[in-house]
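Take a look at the structure below.
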Amino acid sequence: MNEDTTTETSPNELDTIGELAPTSTTTVYERFDSLGSTAQTVVREIATAMGFDREEYNDRITSEVVEAARETLFAERLAVRVASQDEFEQWVDSHPAVDVEQMGSPNVDRVAWHHAPFSDAVIAATFQNEQAAAVSTLRRRSFGEIYRPVLEDESSDKTDSQE
């Protein structure tokens with residue numbers, strides 16, 4: 001198992017969906033950078049399927065479009081744990097250093113959460129029946145609140161060092 005995966009579960013433990021849980025900012029940068037060419041390929045194939053000619057492709061497919069695809073690919077790989085509210089509370093109790101931000105109602109049965117070990121940040125989303133929606137929302141929010149600032153800091157560090 002490499003350093004950024006957390007997919008171990010036993011029958012009595014929580015489920016984990018996805019594999020990406022970076023333990024360092026270096027791993028965040030490496031994993032994000034590795035998705036650049038995949039994002040370009042995905043966007044190009046979608047534009048082809050939509051019948052874009054070269055001119056329309058050049059007009060509509062901007063660097064922002066490719067970057068959005070890369071961010072989505074990264075977010076969709078994030079490791080999300082899913083369990084009952086009680087199991088989540090037990091997990092939090094066994095990880096006293098984590099800082100939890102929870103979305104949703106505390107009065108529902110299930111919780112999905114992402115733990116970013118390099119920062120001890122945890123974002124959680126409660127849900128009753130719509131696990132896929134909760135996981136998707138959680139991943140987008142985790143990317144925006146945990147990973148985007150890290151990547152923007154790295155990007156500004158590169159810009160600062162080139163000036």
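A few points about this structure:
Listed here are the residues, each with its yes/no results for (1) of a type in the set (A, V, I, L, M, F, W, C); (2) in contact with a strand residue (DSSP E or B) (Cβ under 7 Å, 6 or more places away or on another chain).
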| residue | (1), (2) |
| --- | --- |
| A69 | yes, no |
| F88 | yes, yes |
| D93 | no, no |
| P96 | no, no |
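- In summary, T137 fulfils each of the numbered conditions (1) more than 30 Å from M50 (Cα to Cα); (2) surrounded by fewer than 20 Cβ atoms within 10 Å (Cβ to Cβ) with the single exception of condition (1).
- Members of the stretch 53-84 that are under 15 Å from T16 (Cα atoms) and of a type in the set (K, R): R77, R81
- Candidates V80, V66, V150 - the one that is of a type in the set (A, V, I, L, M, F, W, C), without any contact (Cβ under 8 Å) to a residue 60 or more places away in the chain and either closer than 24 Å to S34 by Cα or surrounded by 15 or more Cβ atoms within 10 Å (Cβ to Cβ) (or both): V66
- Selection status of V98, aliphatic (A, V, I, L, M) and within 20 Å of E130 (Cβ to Cβ): no
- Qualifying residue in the stretch 107-116 (condition: at pLDDT 95 or above, within 26 Å of D153 (Cα to Cα) and surrounded by fewer than 16 Cβ atoms within 10 Å (Cβ to Cβ)): no
- Of all residues making up the stretch 36-46, the number that are surrounded by fewer than 18 Cβ atoms within 10 Å (Cβ to Cβ) and either in contact with a helix residue (DSSP H, G or I) (Cβ under 7 Å, 6 or more places away or on another chain) or at pLDDT below 95 (or both): 4
- T6 being surrounded by 12 or more Cβ atoms within 10 Å (Cβ to Cβ), modelled with pLDDT under 50 and within 13 Å of P117 (Cβ to Cβ): yes
- Residue match in the stretch 79-88 (condition: within 27 Å of E30 (Cβ to Cβ), assigned to a helix (DSSP H, G or I) and not aliphatic (A, V, I, L, M)): no
- Remark: V28 matches the filter, which requires a residue to be β-branched (V, I, T), part of a helix (DSSP H, G or I), in contact with a Pro (Cβ under 8 Å, 6 or more places away or on another chain) and surrounded by 12 or more Cβ atoms within 10 Å (Cβ to Cβ).
The values are calculated or read from the model by the stated rules, or taken from the named source; none is laboratory data. Quantities reported herein were computed from a predicted structural model and do not represent experimental measurements. For neighbour counting, all protein chains shown are included, and Cβ atoms are generated from backbone atoms with ideal geometry for every residue, glycine included.
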